[in-house]
């Protein structure tokens with residue numbers, strides 16, 4: 001429906017035009033059930049664009065929403081990626097006198113980000129842990145079409161032009177394979193994460209490209225998939241070892257440490273009997289023995305860049321779509337130095 005007016009919304013929601021205005025100005029006098037009904041009708045009629053633009057220009061809330069995945073079996077704040085990115089975002093929001101509001105997205109219920117703008121709860125949105133799912137992409141497209149400030153961190157969709165701050169994971173993988181090749185490794189297994197995350201796809205592309213470049217065998221059975229947990233690394237180790245590999249490259253440090261634990265049980269020593277490489281260069285990589293070779297990713301800087309980007313949009317009442325990709329760096333430690 002085009003050219004929808006406040007009167008149309010009021011008629012279908014069975015309220016006065018004044019009540020519709022009060023709902024969109026977030027007036028305290030409107031009952032919760034009335035507000036929900038009006039917002040639902042507005043969504044059905046596609047009444048939001050002008051209202052949202054006005055709210056964006058006024059900057060009502062002073063809040064930046066940060067979307068995190070809700071993982072019942074894990075503490076998201078103990079995850080190095082999330083902890084570092086949140087630290088970077090927090091440094092920028094505090095400096096600019098904004099609040100950081102955490103919004104948790106459930107796996108079975110992709111978030112309608114637009115509703116938080118409608119309710120004046122946030123002025124911009126930063127999205128961590130986004131997945132390549134049709135419904136999630138549609139919800140992001142709604143923000144994009146309405147020129148609302150948002151930015152994804154460590155995720156991109158090749159078919160979309162959303163704002164994003166990412167790292168060069170393809171090059172990170174390339175650095176790993178080159179290093180292992182220089183250590184004399186010929187058969188390199190890759191334990192990757194789920195391909196719903198673009199960083200997993202990027203690392204896989206870098207692995208394949210580097211193997212071809214260095215003339216290394218590239219077989220599908222060399223590629224395994226975990227869920228980025230230590231448990232999945234531990235559980236995948238035995239099947240990887242049946243292939244008589246001389247190196248194992250893991251898509252994050254947690255899985256690499258799970259692999260290391262199983263290798264220890266089998267009395268196989270990383271850095272002596274087999275090369276082992278992780279990814280992220282988390283605190284854990286420096287605490288284990290042997291110390292873990294890993295790819296350093298500037299997660300904190302990524303958080304800062306994303307927060308600065310949306311705050312700039314708010315300051316100028318204008319959204320500019322930007323895609324930033326930061327460099328990664330291989331940090332060589334004991335686990336991959338074959339002797």
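The values are calculated or read from the model by the stated rules, or taken from the named source; none is laboratory data. Worth saying up front: this structure is predicted, and the values here are computed from it rather than measured. With ideal geometry, Cβ positions are generated from the backbone for all residues, glycine too; neighbour counts draw on all protein chains shown.
Considering only strands (runs of 3 or more DSSP E) fully contained in segment 105-204, which possess at least 1 residues that are over 29 Å from residue 256 (Cβ atoms)?
Passing ranges, in order: 124-128, 150-153.
Among what's in segment 206-226 and is in contact with a strand residue (DSSP E or B) (Cβ under 6 Å, 6 or more places away or on another chain) and part of a helix (DSSP H, G or I), pick the residue that is farthest from residue 259 (Cα to Cα).
Of everything passing the filter in segment 206-226, 207 is farthest from residue 259 (Cα to Cα).
How about segment 257-282: which of its residues are in contact with a strand residue (DSSP E or B) (Cβ under 8 Å, 6 or more places away or on another chain) and either within 22 Å of residue 217 (Cα to Cα) or in contact (Cβ under 8 Å) with a residue 60 or more places away in the chain (or both)?
Correct list: 259, 260, 270, 274, 275, 276, 277, 278, 279, 280, 282.
Could you tell me whether any residue of segment 16-24 is out of contact with any strand residue (DSSP E or B) (no Cβ under 7 Å at 6 or more places or on another chain), more than 17 Å from residue 119 (Cα to Cα) and part of a loop (DSSP other than H, G, I, E, B)?
yes
Could you check, for segment 307-322, whether at least one of its residues is under 21 Å from residue 77 (Cβ atoms) and in the same structural domain as residue 141 (by TED's automatic domain parsing)?
Checked segment 307-322: at least one residue is under 21 Å from residue 77 (Cβ atoms) and in the same structural domain as residue 141 (by TED's automatic domain parsing).
Restricting the search to segment 63-92, which residues are at pLDDT below 95 and more than 17 Å from the chain's Cα centre (by Cα)?
63, 72, 73
A quick yes/no check of all residues on (1) buried (at least 23 other Cβ atoms within 10 Å of the Cβ); (2) under 30 Å from residue 293 (Cβ atoms):
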site: 87; (1), (2): no, yes
site: 113; (1), (2): no, no
site: 132; (1), (2): no, yes
site: 144; (1), (2): no, no
site: 151; (1), (2): yes, no
site: 165; (1), (2): yes, yes
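Can you confirm whether residue 303 is touching a residue at least 40 places away in the same chain (Cβ under 8 Å), crowded, with 18+ Cβ neighbours inside 10 Å and either at positive phi or out of contact with any strand residue (DSSP E or B) (no Cβ under 6 Å at 6 or more places or on another chain) (or both)?
Answer is yes for this residue.
Only residues that are over 24 Å from the mean Cα position of the chain (by Cα) and at pLDDT below 95: list them for segment 290-317, please.
315, 316, 317
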